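J.: Sharing a structure here in structure tokens format.
Coordinate-derived values only; no laboratory data. Keep in mind that this is a model prediction, so the values were computed, not measured. Glycine gets a Cβ as well: all are built from the backbone with ideal geometry, and neighbour counts include every protein chain shown.
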């Protein structure tokens, strides 16, 4: 009998219900014809040939030479390897297409529209909320890459570990561009190897308990988190981004007071 949970999981391989059932049936038989497989898999015989042809094109089975036509399964291990190669190839093509957009006229026009829209916006409109650490990290990375002068970062111990994992390469590039990076966080529980690497790209200040979690970029853009990340799940973490020199400069002054304190 074909287990429904296995059929369902094979959808992750890109197979529909009939394809999954016929492939499982063929795996169990080794070599078989369409009629036998349709009976085992409970797939209409009128559909079996088309579905088997689809499986052959997708690289899950082979057609045995000779008459009557019979089919042989490709092993699951080889199927996985072929799928990985296919996904890598498709992923590379998609990345190349996206990269090519940067040099296109359409991309220039989109950038122009964005810049004009931002320039004509009121500062009170330049704010947004972000939910979930993945969204927050993606947004923070974009803000970091725009830095020209300095970055002030205050975070928790687990927040610092996360920033190290996500942004260390970004920090290195910023350091090479002359951007000053100051970080306030509880350092006592951080692995020494992490602190050693971070100290090559940033100035670190050990504080027992952060007064907040935020990042200021060049005294203009500020992203601050609303929750203690020791007490909230990653998908519920929430942050606010604002683009206002008045607020950002005020928080920068507060950060400098904490950072310069002995």
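J.: Per 0.36 nm of contour for each residue apart, how much would the distance between residue 195 and residue 129 grow if the chain were fully extended, relative to their Cα-Cα spacing?
T.: 20.7 nm
J.: Work out, step by step, the length gained on full extension between residue 88 and residue 224: first 0.36 nm times the residue separation, then minus their alpha carbon distance; give nm to one decimal.
T.: Length gained, residue 88 through residue 224: 45.3 nm.
J.: Could you line up 148, 166, 175, 21 from fewest to most neighbouring Cβ atoms inside 10 Å?
T.: With the sparsest Cβ surroundings first, the list reads 148, 175, 166, 21.
J.: So, one more: How do 5, 149 line up, fewest other C-beta atoms within 10 Å first?
T.: With the fewest neighbours first, 5, 149 line up as 5, 149.
J.: Please determine, in degrees from 0 to 90 and to the nearest 10, the orientation of helix 157-176 with respect to the longest principal axis defined by the Cα atoms of the chain, where the helix direction is its Cα long axis.
T.: Helix 157-176 sits roughly 80 degrees off the main axis of the chain.
J.: Which FRET efficiency value, to the nearest 0.05, do you get for residue 81 and residue 207 by plugging their Cβ-Cβ distance into 1/(1 + (r/R0)^6) with R0 = 51 Å?
T.: 0.55
J.: At what distance in angstrom do the alpha carbon centres of the stretch 158-180 and the stretch 241-258 lie from each other?
T.: Measuring centre to centre over Cα atoms gives 20 Å.
J.: Starting from the Cα gyration tensor of the stretch 187-262, take the square roots of the eigenvalues, sort them a ≥ b ≥ c, and report rounded, prolate or oblate (rounded when a/c is under 1.5, otherwise prolate if a/b is larger than b/c, else oblate).
T.: Because a/c hits 1.5 or more and a/b fails to exceed b/c, the stretch 187-262 counts as oblate.
J.: Here's another thing I want to ask about it. Please give the helix 76-101 orientation as an angle from the longest Cα principal axis of the chain, in degrees from 0 to 90, rounded to the nearest 10.
T.: 50 degrees
J.: Per DSSP H run of n ≥ 4, the term is -39500 (n - 2.57); total these for the chain, divide by its residue number, and report the mean residue ellipticity at 222 nm rounded to 500 deg cm²/dmol.
T.: Value at 222 nm, helices only, nearest 500: -17000 deg cm²/dmol.
J.: On a 0 to 90° scale, report how tilted helix 245-260 is relative to the longest principal axis of the chain, with both axes built from alpha carbons and the result rounded to the nearest 10.
T.: Its long axis makes an angle of about 80 degrees.
J.: Just grab the label-to-label distance for residue 69 and residue 35, each label 7 Å out from Cα along the Cβ direction, in nm (one decimal).
T.: Spacing of the two 7 Å Cα→Cβ label points: 1.5 nm.
J.: Which entry in (i) 48, 48, 34; (ii) 85, 48, 32; (iii) 44, 37, 32 is this structure's computed Cα extents along the principal axes in Å?
T.: Label of the calculated value: (ii).
J.: Same structure again: Please compute the Kirkwood hydrodynamic radius of the stretch 19-113 from all pairs of different C-alpha atoms, in Å with one decimal.
T.: Computed over the stretch 19-113, the radius equals 15.8 Å.
J.: Provide the percentage of antiparallel DSSP beta bridges, counting only those with both residues in the chain; round to the nearest 5.
T.: Given both bridge residues lie in the chain, the antiparallel proportion sits at roughly 70 percent.
J.: Go ahead and collect, in residue order, the members of the stretch 202-225 whose backbone nitrogen is under 20 Å from a label point 7 Å along the Cα-Cβ direction of residue 254.
T.: From the stretch 202-225, the list is 205-225.
J.: Computed FRET efficiency, Cβ-Cβ of residue 98 and residue 12, R0 22 Å: what is it to the nearest 0.05?
T.: 0.35
J.: While we're on this one: I need 72, 225, 154 ordered by Cβ neighbour count within 10 Å, fewest first.
T.: 72, 225, 154
J.: Just the number, please: percent antiparallel of the DSSP beta bridges in the stretch 125-262, rounded to the nearest 5.
T.: 65 percent
J.: Shape call for the stretch 125-260 from the C-alpha gyration tensor, a ≥ b ≥ c root eigenvalues: rounded (a/c under 1.5), prolate (a/b greater than b/c) or oblate?
T.: Verdict is rounded for the stretch 125-260.
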